[in-house]
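Rule-based calculations on the coordinates, nothing more; no lab input. Just so it is clear, the model here is predicted, and its values are computed rather than measured. Backbone-built Cβ (ideal geometry, glycine too); neighbour counts: all protein chains shown.
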Amino acid sequence: MLIVATPSDMKSHVGTLLGISDWLTVDQDRIDKFAEATGDHQSIHVDVARAAREMPGGKTIAHGFLTLSLLVVLMDGVYKIEKTSRGINYGSNKVRFTSMVPSGSRIRLHQTLKALEEVEGGVRMIFDCVVELEGSTRPALVSETIIMAFD
């Protein structure tokens, strides 16, 4: 894990792979809770019996936006800024859901700091994020994600 003291200390890491997170299992309980939180109860996500009959691999799949939301927990395992007052998810320039994430799968993040811009009181960082799906040659998600961190 990369540990820096302040947000501006991230500047020296622009253009480098910051690290790879630990594996995270995306189980049916997590998928069901996300469905409940968002109101997206589409059968491909929550109907285990139907998925066993109809889905490739016979399993439900995680919502794409669930996979995207897991970037937060995955990033926590890649880098840490010790002296920061707050961090803000500023959005994404692009997001692609490139593979289904079957229930019970494991994912992990490969995170590169693509660019950094100083802003009043902190920095705006653009990350290239690739979410690896264990056992697959294709990633589950690729994203250009923006995070702001303040002194």
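Things worth noting here:
- Between 0 and 90°, nearest 10: helix 28-38 axis offset from the chain longest Cα axis: 70
- Lysine pairs in the chain with Cα atoms under 26 Å, if 8 or more residues apart or on separate chains: 10
- Each other residue within a Cβ distance under 13 Å of Val26 adds +1 if Lys or Arg and -1 if Asp or Glu, for a net charge of 0.
- Split the chain at each of the GluC sites (Glu not before Pro) in a DSSP loop with at most 14 other beta carbon atoms within 10 Å, and the longest piece is 1-81.
- Rounded to the nearest 5, the antiparallel percentage of DSSP beta bridges internal to the chain is 95%.
- GNM flexibility winner over the chain from Asp32, Asp40, Asp128 (Cα, springs under 10 Å): Asp40
- For the chain, built as a Gaussian network whose Cα springs stay under 10 Å, the top-fluctuating residue of Met75, Met55, Met125: Met55
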